[in-house]
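Student: Quick one: structure below, then a few questions.
The values are calculated or read from the model by the stated rules, or taken from the named source; none is laboratory data. Please read these numbers as outputs of a predicted model, since none were measured by experiment. No Cβ is skipped: glycine too gets one built from the backbone with ideal geometry, and neighbour counts run over all protein chains shown. In case anyone asks, the SASA skips ligands and DNA or RNA and just uses the protein heavy atoms, side chains included. Shrake-Rupley method; radii C 1.70, N 1.55, O 1.52, S 1.80 Å.
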Amino acid sequence: MQTLIGRIVQYSPHPPRFTGAYDSFEDCLAAVPRDRPAGCDHEAANSLYFERMSQIHLWDYPLIFWLERVLKPGMTVLDTGGNLATKYQAFGRLLDLTRITWVIHDLPAVVRRGRALQAEGRLPAAVRFVEDPADCGAPDVLIASGLLQYLDRPFGELLGRLSQRPATVLLNKVAMREGPEVVTLERAGELRIPYRIRDRMQFMRELETLGLRVLDQWVIPDLSHRIATHPALGASTSLGFALTSDPPKAV
């Protein structure tokens, strides 16, 4: 009965936040109603939740903790999926980023909007926007906060675009489940966006294959979600990771 109700409200004027369970991004996008914009590469996505994303939340503090530990003057941070410099502005309230090169990699629509706002003086001139992570050069730190559930390619492919593997990789708000990966459809304003819930064990094996060692891991209970149309799949778990590509130090 719960599943039936969920599938009925999927097509109501006010559907739940998450609907449907698909095997791939492509199948998920194919299910988007024709009268709705699909995916994140739209002007409408640029200002979506901008004010909220520019604030510091409880789940940001592990990232701030690790950035404070590893950042040194002259380093480069690649903030992939960094939107309109939201983390740079939020974290800059607690961290000295004045001698850090901060590069934001995002979709073309976001990059265009970011550069336009910079030209108008409405975003910090210190950050740089790029569409291709390869244009960042060799970052010392990579941040992906809230990106991986929206990433339409393997994480290793993104890392492979860089000329050098960052010594520190900070991942946050990664949606996981104990079982096969599922892609669901998220309602975000007028947009309908594929949302990947990863197989936790498979993802941990992927990190190991990429040569990334876990230094720290945390759970974000407030960002656990259920798919209204498929309650039997259970709730997702939101995780964060501090990873390093440096080998363990000899004891």
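Student: Of all residues being assigned to a loop (DSSP other than H, G, I, E, B) and of a type in the set (Asp, Glu) in the range 126-135, which is most open to solvent (accessible area, probe 1.4 Å)? Just the residue, please. Give the steps one after another, and end with the answer.
Tutor: Of the residues in the range 126-135, the ones assigned to a loop (DSSP other than H, G, I, E, B) are 126, 131-132.
Right, trim to of a type in the set (Asp, Glu) and you get 131-132.
On the way: GLU131: 92, ASP132: 44 Å².
Per the stated criteria, the residue is GLU131.
Student: Would you pick out the residues in the range 109-125 that are open to solvent by less than 40 Å² (accessible area, probe 1.4 Å) and in contact (Cβ under 8 Å) with a residue 24 or more places away in the chain?
Tutor: Result: ALA109, VAL110, GLY114, LEU117, LEU123, PRO124.
Student: Has the range 46-63 got any residue that is hydrophobic (A, V, I, L, M, F, W, C), under 30 Å from LEU243 (Cα atoms), loosely packed, with under 13 Cβ neighbours inside 10 Å and modelled with pLDDT of 70 or more?
Tutor: There is at least one residue in the range 46-63 that is hydrophobic (A, V, I, L, M, F, W, C), under 30 Å from LEU243 (Cα atoms), loosely packed, with under 13 Cβ neighbours inside 10 Å and modelled with pLDDT of 70 or more.
Student: Can you name every residue in the range 136-172 that is in a helix (DSSP H, G or I) and over 17 Å from THR76 (Cβ atoms)?
Tutor: PHE155, GLY156, GLU157, GLY160
Student: Collect the residues in the range 63-104 that are part of a strand (DSSP E or B) and within 17 Å of the chain's Cα centre (by Cα), keeping them in residue-number order.
Tutor: Pass one, the range 63-104, residues part of a strand (DSSP E or B): 76-80, 101-104.
Residues satisfying the conditions are VAL77, LEU78, ASP79, THR80, TRP102, VAL103, ILE104.
Student: Run down HIS225, HIS230 and say which single residue is in contact with a helix residue (DSSP H, G or I) (Cβ under 9 Å, 6 or more places away or on another chain) and either of a type in the set (Ser, Thr, Tyr) or buried (at least 17 other Cβ atoms within 10 Å of the Cβ) (or both).
Tutor: HIS230
For (1) without any contact (Cβ under 8 Å) to a residue 40 or more places away in the chain; (2) buried (at least 17 other Cβ atoms within 10 Å of the Cβ); (3) of a type outside the set (Val, Ile, Thr), each residue gets a yes or a no:
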{"residue": "GLY137", "(1), (2), (3)": "no, no, yes"}
{"residue": "VAL141", "(1), (2), (3)": "no, yes, no"}
{"residue": "LEU148", "(1), (2), (3)": "no, yes, yes"}
{"residue": "ARG153", "(1), (2), (3)": "yes, no, yes"}
{"residue": "ARG192", "(1), (2), (3)": "no, yes, yes"}
{"residue": "ARG205", "(1), (2), (3)": "yes, no, yes"}
{"residue": "THR209", "(1), (2), (3)": "no, no, no"}
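Student: Considering only the range 167-190, state which residues are open to solvent by 30 Å² or more (accessible area, probe 1.4 Å), under 30 Å from VAL70 (Cβ atoms) and among the small types (Gly, Ala, Ser).
Tutor: Result: ALA167, single match.
Student: What are the residue pairs meeting all of these: first residue in the range 55-74, first residue in contact (Cβ under 8 Å) with a residue 12 or more places away in the chain, second residue aromatic (Phe, Trp, Tyr) and surrounded by fewer than 18 Cβ atoms within 10 Å (Cβ to Cβ), Cβ atoms under 9 Å, and 6 or more apart or on different chains?
Tutor: Matching pairs, first to second residue: TRP59/TRP218; PRO62/TRP218.
Student: May I ask you to list the residues in the range 64-82 that are open to solvent by 20 Å² or more (accessible area, probe 1.4 Å) and not small (Gly, Ala, Ser)?
Tutor: PHE65, TRP66, GLU68, ARG69, VAL70, LEU71, LYS72, PRO73, MET75, THR76
Student: Scanning the range 234-251 for residues that are modelled with pLDDT of 95 or more and open to solvent by 40 Å² or more (accessible area, probe 1.4 Å), which turns out nearest to ASP140 (Cα to Cα)?
Tutor: Only one residue tops the list, namely THR237.
Student: Okay, next question. When you check ILE8 against the structure, is it aliphatic (A, V, I, L, M), modelled with pLDDT of 70 or more and over 21 Å from ILE197 (Cα atoms), yes or no? Full working, then the answer.
Tutor: Working: aliphatic (A, V, I, L, M): yes; modelled with pLDDT of 70 or more: no; over 21 Å from ILE197 (Cα atoms): yes.
No.
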